[in-house]
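Asker: Shown below is the structure under consideration.
A short reminder: the numbers here are calculations on the coordinates, not readings from a lab. These numbers were taken from a predicted model, which means no experiment stands behind them. Neighbour counts run over all protein chains shown; Cβ positions are idealised from the backbone, glycine included.
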Amino acid sequence: MTERGSVTLWTLGLTVMVLFLGGVSLDLWRAFEVRQDLAAMADSAANAGASHIDEAVYRDSGVVVLDAGAARRAVNDSLDSQQDRNRIITRTTPDVDGAGVSVTLEGEIEFTLLRVFLLGQGSIRVSATGSAEALPAP
């Protein structure tokens, strides 16, 4: 025969476990969402940078090379004009190498329901990298 109140303790334990799993699910989903937004912004910025080729070099030699200064400005302008730019915690200087541009962004997600279990502290850092390369017209 079970002790009186054991069902109450079992139910309370199950409720805490479900709350913890809900917190993991919610915060993990938010991390995926922010990472997806960062990836879209990084890809968009890299495409903007890759569209700035050095026209003089291309006309003289037919080789596609980016104008590094213009490409970096285009990347920064693209990131500054993004609607979700407040999600970006850190952005590296755009890496312009020949005909390619690479952009790396970082974001941070503060825990919500998991904060209860972590005594009000904790966050997740996510990052995304976008790359694009300028190609000559066929």
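Asker: Report, in deg cm²/dmol and to the nearest 500, the calculated mean residue ellipticity at 222 nm for the chain, where each DSSP H run with n ≥ 4 adds -39500 (n - 2.57) and the sum is divided by the residue count.
Answerer: It comes out at -17000 deg cm²/dmol, rounded to the nearest 500.
Asker: Further, regarding this structure: Of the listed values (i) 1.66; (ii) 1.36; (iii) 1.17, grab the one calculated as Cα Rg over 2.2 N^0.38 Å from the structure here.
Answerer: The listed entry that was calculated here is (i).
Asker: If you add up the charges near Arg30, with Lys and Arg at +1 and Asp and Glu at -1, over every other residue whose beta carbon is less than 14 angstrom from its beta carbon, what do you get?
Answerer: Charge balance near Arg30 sits at -2.
Asker: Here's something else I'd like to know. Give me a comma-separated list of calculated 3J(HN,Hα) values for the stretch 59-68, in order, Karplus coefficients 6.51, -1.76, 1.60 applied at θ = phi - 60°, integers in Hz, x for any Gly or Pro.
Answerer: After applying 6.51 cos²θ - 1.76 cosθ + 1.60, I find 5, 6, 10, x, 8, 7, 9, 7, 7, 4 Hz.
Asker: All other residues with a Cβ under 11 Å from the Cβ of Ser123 taken together, and with Lys, Arg as +1 and Asp, Glu as -1, what is their net charge?
Answerer: Around Ser123, the charge tally is 0.
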